[in-house]
Amino acid sequence: MPGNAFGQAFRFTTWGESHGPAIGCVVEGVPPLIPLAEADIQPYLDQRKPGQSRYTTQRREEDRVTILSGVFEGRTTGTPIALEIRNADQRSKDYGEIADKFRPGHADVTYWGKYGIRDYRGGGRSSARETAMRVAAGGVARKVLDHLLGSGAVTIRAGLVEMGGDGIDRDAWTWDEVDRNPFFCPDAEAAARWGGLLDAARKQGSSLGAVVEVVAEGVPLGLGEPVYDKLDADLAKAMMSINAVKGVEIGAGFAAARLSGEDNADEMRMADGRIAFLTNCAGGVLGGISTGQPLVVRFAVKPTSSILTPRRTVDRFGQETEIVTKGRHDPCVGIRAVPVGEAMMAVVLADHLLRHRGQIGGTGGVTGPS
């Protein structure tokens, strides 16, 4: 099974299954002499881990990361960094009744059709449990960004901007609010509405979709290649590879198709001897190369496919039947996708920064737009 790795200069490969003994990843391309400890990675995993509120799956996992290699006396050695998280709260019996049935909306039928075998316990390799290791790799990527650009030079933040078709008021956007509610929502009033919205969906045995927005500020001008390895193309792939994601847009995204050329053009002026953009419809990327403006990416997460409402399906013997997916599941998987989106943004930026340094030298344009 290929396709378990992401990135070129900064590259990570994940392994493990939802109900196996452990999950992990190997991170390659990290420069030597970067201070790194489990404590640098754990806070991001704590944001993603399950069971933190009644709005997420009640599976209890501490998600404690262990560094197995690539660090000596508190600093990276330049060799592969192996990270591991032990699984602790599997309930494989929850899936016994559906061992032979294909869950609608899941990868069951495609895994069976491709491999002739599947791990029905929580989806095995296709489970969103895998994203914990993306977050761990993202923690390492942030350390690379700090090392090459300066501590805190790049800020990566994300928030839930829509749930079940109910969007936030962008005029009420406050980043501090993201840490005050269980939805990572930058709008306090929207977060208050979503509690009741999600409670209602859960009582009905249903689920809701969501939209996550990821913003990276302080990104230098010049990251990305202009043809097949465009920065926005790699960002789109990174976000699209997250479980349950069905759409990605950069900057104005699909709304750009409804704008005029005048409205969509990000005009420029000079400010303090530097080029300053007046708007950011491009989302921080022109011609596949970062402009120095904030990178803005949004991705749509479908409603959780594991629901209690009976659905029509077939089994592996070709018999028509119905299915109810029991167990512990997120009523809105988009909530815990927020730190995953941040992690994938960090990984892409670290990868392109290292590639830029290898080709051009330095760490990006220092006289680019403000």
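The values are calculated or read from the model by the stated rules, or taken from the named source; none is laboratory data. Bear in mind the structure is a predicted one, so any value in this text is a computation, not a measurement. Cβ: placed from backbone, ideal geometry, glycine included. Neighbour counts: every protein chain shown. Quick note on the areas: whole protein, heavy atoms, side chains included, nothing else; ligands and nucleic acids left out. Shrake-Rupley method; radii C 1.70, N 1.55, O 1.52, S 1.80 Å.
For this structure, a couple of remarks:
- Top of Met270, Met240, Met345 by mean-square fluctuation, Gaussian network on the chain, Cα under 10 Å: Met270
- For Lys101, the lysines whose Cα falls under 19 Å of its own Cα, not counting residues fewer than eight places away in the same chain, are Lys93, Lys114, Lys326.
- The chain, accessible surface, carbon-and-sulfur percent (1.4 angstrom probe): 52
- Based on protein heavy atoms only, the chain ends up with 46 Å² per residue of surface accessible to a 1.4 Å probe.
- Between Ala271 and Trp15, the distance separating the two model label sites (each 7 Å from Cα on the Cα→Cβ line) works out to 4.9 nm.
- In order along the range 181-191, the phi-based Karplus estimate (6.51 cos²θ - 1.76 cosθ + 1.60, θ = phi - 60°) of 3J(HN,Hα) comes to 9, x, 10, 6, 9, x, 10, 4, 5, 5, 4 Hz; Gly and Pro are listed as x.
- In this view, the solvent-accessible surface of Met268, computed with a 1.4 Å probe and all protein chains in place, comes to about 100 Å².
- Cross-link reach list, aspartates and glutamates versus Lys203, counting only Cα pairs under 14 Å and skipping chain neighbours closer than eight places: Asp330
- Cross-link reach is defined here as a Cα-Cα straight distance under 21 Å, omitting same-chain residues fewer than 8 places apart; for Lys237 the lysines meeting it are Lys246, Lys302.
- Amide hydrogen neighbours beyond the local backbone of Thr313, cut-off 5 Å, H modeled: Thr321, Glu322, Ile323
- With each label modelled as a point 7 angstrom along the Cα→C-beta vector, the Arg258-Ile117 pair spans 4.9 nm.
- Nearest-ten-degree value, helix 131-149 long axis tilted from longest Cα axis of the chain: 10
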